[in-house]
Amino acid sequence: MNEELRKVTESIDDDSIDNKYLLFCLGDELYGTPLLGVREVVEPQSPKPIPNTAKHFSGVINIRGEIVGVIDLRARFNHKLDGGQYQALMVFSTDGGPMAGLVDRVESVISLEEKEIEHNPNVGVDVQKEALIGIGKHNKRLITLIDLHSVLSAHSLENQKLTA
């Protein structure tokens with residue numbers, strides 16, 4: 001595991017996770033998701049494709065004997081599909097089983113107070129409204145805060161299937 005992923009994984013194991021967000025990048029855009037929902041961060045594997053699934057569903061992988069679905073978050077959020085050496089998989093437990101989100105890189109874990117989050121930004125997004133937490137402000141940077149647990153849920157995938 002590369003050094004960057006190791007540091008972030010150690011942060012996930014921290015007991016005090018209230019108001020903490022895992023920051024990740026898709027292209028040049030910075031996103032955050034609540035740390036509480038992240039099970040682990042792992043290096044990417046080549047997924048086995050599954051026919052007749054959503055365009056952003058890359059397939060399934062095996063993580064320590066467990067089958068995990070993989071969503072390419074670059075494709076899901078309409079970013080340029082451009083592979084890079086810093087890619088990572090963020091694994092979540094969902095009602096439909098474990099799912100992983102493929103990102104360009106994980107950056108860090110930060111704490112955000114409520115006053116640092118604009119919960120009702122005037123923006124149009126291509127995710128369920130309930131999945132957008134808001135826009136975070138941290139060290140003069142704006143962070144799109146998304147509940148990836150909701151985005152990666154089985155219900156979300158059911159609504160995104162391609163028609164045959």
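Listing for the model above:
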{"read-out": "Conditions (1) in a helix (DSSP H, G or I); (2) modelled with pLDDT under 85; (3) surrounded by 12 or more Cβ atoms within 10 Å (Cβ to Cβ): number failed by Arg6", "value": "(3)"}
{"read-out": "Tally, over region 31-48, of residues that are assigned to a strand (DSSP E or B) and in contact with a His (Cβ under 9 Å, 6 or more places away or on another chain)", "value": "4"}
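The values are calculated or read from the model by the stated rules, or taken from the named source; none is laboratory data. The model shown is predicted, which means the values in this text are computed figures rather than measured ones. Virtual Cβ from ideal backbone geometry, glycine too; neighbours counted across all protein chains shown.
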